Structures are given as C-alpha cells and as structure tokens.
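Notes for the one structure printed next.
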Amino acid sequence: MDRAPNPAFYVLLICLVLMAVGPIWLMLATSLKLNVDIIQGTSALFFVPTLQNYETVLCDWLWYEPEHVRRCDRTFGRALVNSLIISSVSTAITLILGCMAAYALVRFRFMGRGVTSLTTLMVRMVPPAVLLVPVFGIWTFQYGLDGTRGGLILVYVAMNLPFVIWILQSFIVQVPVQLEEAARIDGAGPFRTFFLVVLPLIKPGLAAAAIFTFRIAWNEFLLANALSDRSTRTVPVVIVNSITEYSIDWGAIMATGMLLAVPPILFTLVASRQIITGMTAGAVKG
C-alpha cells in the first residue's frame with residue numbers, strides 16, 4: 001500500500017513555486033502601475049493596470065503617439081535591436097565553429113587531442129570578470145573594436161565556444177561511425193558526410209547548445225557595459241544605466257525587464273522542439 005506524501009512536501013513545493021514565480025509577478029505588477037502607485041505602495045495587490053510604462057519604452061515602435069510621452073526616448077528600441085543582432089549572430093557563429101571543432105576532436109586522431117579538449121573546458125571555467133581588463137585593453141588600444149557590435153560578437157563567440165565544443169562532443173560520440181563510413185562508400189566527401197549525416201543526428205545537442213549560448217549572450221552585462229557605447233548598448237546595460245542618482249523610473253525599468261525576458265523564452269520554446277523531436281525520433285511505436 002502506497003503511503004500518502006508528507007504534508008511538509010507540499011509546503012516545501014508551494015514555497016519553491018512562490019520563490020520562483022513571486023519575483024516575476026512582482027515585476028509584472030510593477031510594470032503595470034503608475035509611478036505614483038509604485039512610490040506610495042498602497043496598491044500592492046489591488047490597482048488599476050495601465051500600459052503607460054510599455055508605451056513609454058516602446059514609443060518608437062508604436063503606430064501611434066502616446067499622450068503621456070512628451071519626448072520619445074529611442075534608447076530601448078536601439079538596445080533591443082543590438083541585443084537581437086549580437087545574440088543571434090554570436091550564437092550562429094559559435095554553433096558553426098563549435099560543431100566542427102567538436103567533430104574534429106571526436107573523430108580525428110592527432111597529437112594533443114586530449115590536451116586540446118581539456119583546455120577548452122578549462123577556458124570556460126575562467127570568470128568573465130578576470131578577462132574584463134585585458135579584453136578591454138586589447139579591444140580598445142590595439143584593434144579598435146570597442147563600441148562596435150562586431151567586438152561584442154567576437155567576445156561572446158570566444159566566451160561560449162568552449163562550452164559548445166564540450167557539450168557537442170558528447171552528442172557526436174553517440175553517432176555510429178558506420179553511418180559515416182556508409183556515406184563515404186556512397187561517394188560523399190567529408191563535408192557532405194558532416195552536414196548530411198552527422199548534423200541531423202545531433203540536432204538535440206545543437207538546440208541545447210543554442211539555448212544556453214543565446215541566453216548567456218542575451219543576459220551578459222559586464223563585458224557589454226565595458227565594450228559598448230551609446231549606439232551599441234544592449235538591453236541589460238540600458239536597464240542599469242537608466243538608474244541615476246536623480247530619478248528612478250521603476251515602472252519603465254520593470255516594463256523593460258519584462259520585455260527583456262520575451263525573446264529568450266520564445267527562442268527556448270522554438271529550440272526545445274528540436275530537442276523533443278530528436279529524443280522521440282528513435283522511439284518504437286507499439
């Protein structure tokens with residue numbers, strides 16, 4: 001006879017759910033309040049929701065002019081475009097280079113292969129804060145890449161590439177070598193074998209690596225704050241820089257935070273479908 005779960009289990013479960021959902025609800029509720037209600041704090045649970053904060057943030061993307069916006073600040077729209085370009089391009093480049101490097105480390109035998117594989121993993125363990133000063137000096141005084149999207153893209157590729165190589169190695173190892181040998185017998189070259197045989201079989205790994213890489217590039221603040229200027233700032237940098245000693249527009253900040261969470265969620269949902277498809281592709285129907 002199965003024993004009923006301990007009530008403490010449900011209490012712990014409820015606490016964990018509140019800890020996870022509570023900050024999101026607080027941010028959403030604050031983004032739907034006027035600054036007067038936020039400062040007074042008298043309408044914590046009951047308030048009249050408004051979209052004024054979202055209209056303020058997205059004023060340059062709207063097809064109408066909000067009445068309460070006297071001067072449209074295009075900072076968020078520009079930062080959102082920068083974040084989308086930098087995160088998407090860096091993710092694509094990292095996946096292309098990472099899957100090729102992982103395939104070479106798994107399939108080819110050469111001197112120093114084990115050391116190279118271990119070194120890539122050790123490089124990923126280095127905190128970004130340690131690299132901030134040397135990267136800033138090299139990017140600024142030697143290559144002049146500070147304040148450019150290309151500079152941030154290169155930094156994110158270098159930062160995420162070791163992790164992508166490490167995670168894709170475990171997927172490529174599981175691909176049977178006999179499939180590649182059969183493709184070579186049929187006349188397929190190395191590149192054709194790689195792109196037509198290996199890549200379709202490691203789609204779940206590519207999707208998982210893409211999710212982590214995109215989220216890291218999208219949420220990264222430290223390097224983006226140091227290497228970007230007014231025209232290339234990303235959304236996390238804009239959120240922090242909007243807090244000044246003279247005024248803090250909490251409503252607009254919370255609305256920006258909610259909008260910041262939308263692209264990673266959509267990207268994760270799209271990429272996770274590839275993971276589920278790859279996991280169920282070999283299932284046997286009974």
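Miscellaneous remarks
- The residues on offer are VAL164, VAL175, and the sole one that is touching a residue at least 12 places away in the same chain (Cβ under 8 Å), surrounded by 17 or more Cβ atoms within 10 Å (Cβ to Cβ) and more than 23 Å from the chain's Cα centre (by Cα) is VAL175.
- Odd one out for LEU51, checked against (1) assigned by TED's automatic domain parsing to the domain that holds PRO264; (2) open to solvent by 70 Å² or more (accessible area, probe 1.4 Å): (1)
- Taking (1) open to solvent by less than 70 Å² (accessible area, probe 1.4 Å); (2) under 19 Å from ILE96 (Cβ atoms) in turn, LEU154 satisfies each apart from (1).
- Criterion violated by VAL198 - all others in (1) surrounded by fewer than 17 Cβ atoms within 10 Å (Cβ to Cβ); (2) in a helix (DSSP H, G or I) satisfied: (1)
- For region 54-74, residues that are crowded, with 16+ Cβ neighbours inside 10 Å and farther than 20 Å from VAL238 by Cα total 0.
- Close pairs from region 253-272: first within 19 Å of ALA210 (Cβ to Cβ), partner surrounded by fewer than 20 Cβ atoms within 10 Å (Cβ to Cβ), Cβ under 6 Å, at least 6 apart: PRO264/ARG215
- Neighbours by Cβ (under 6 Å, 6+ apart or cross-chain): first from region 202-228, touching a residue at least 40 places away in the same chain (Cβ under 8 Å) and assigned by TED's automatic domain parsing to the domain that holds LEU161; second outside any helix (DSSP H, G or I) and surrounded by 22 or more Cβ atoms within 10 Å (Cβ to Cβ): ALA224/THR234
- Close pairs (6 angstrom Cβ cut-off, 6 or more residues apart or separate chains): under 14 Å from TYR156 (Cβ atoms) in region 126-145, modelled with pLDDT under 85 anywhere: none
- Each residue in region 117-141 was checked for being more than 20 Å from the chain's Cα centre (by Cα) and open to solvent by less than 60 Å² (accessible area, probe 1.4 Å), and 6 of them qualify.
- Extreme residue, farthest from GLN174 (Cα to Cα), among residues of region 201-234 that are open to solvent by 30 Å² or more (accessible area, probe 1.4 Å) and hydrophobic (A, V, I, L, M, F, W, C): ALA226
- Filter result (closer than 17 Å to SER170 by Cα and either open to solvent by 70 Å² or more (accessible area, probe 1.4 Å) or acidic (Asp, Glu) (or both)) within region 91-112: ILE96, LEU97, MET100, PHE108, ARG109
- If you filter region 178-192 down to residues that are of a type outside the set (A, V, I, L, M) and more than 29 Å from TYR156 (Cα to Cα), you find that the one that is least open to solvent (accessible area, probe 1.4 Å) is GLU180.
- Test: residue in region 25-44 that is open to solvent by 40 Å² or more (accessible area, probe 1.4 Å), touching a residue at least 40 places away in the same chain (Cβ under 8 Å) and closer than 28 Å to ALA271 by Cα: yes
The values are calculated or read from the model by the stated rules, or taken from the named source; none is laboratory data. Please read all numbers here as calculations on a predicted model, not as lab measurements. Using ideal geometry, Cβ is built from the backbone for each residue, glycine included, and neighbour counts are taken over all protein chains shown. Protein only, heavy atoms only, side chains kept; ligands, DNA and RNA dropped before computing areas. Shrake-Rupley method; radii C 1.70, N 1.55, O 1.52, S 1.80 Å.
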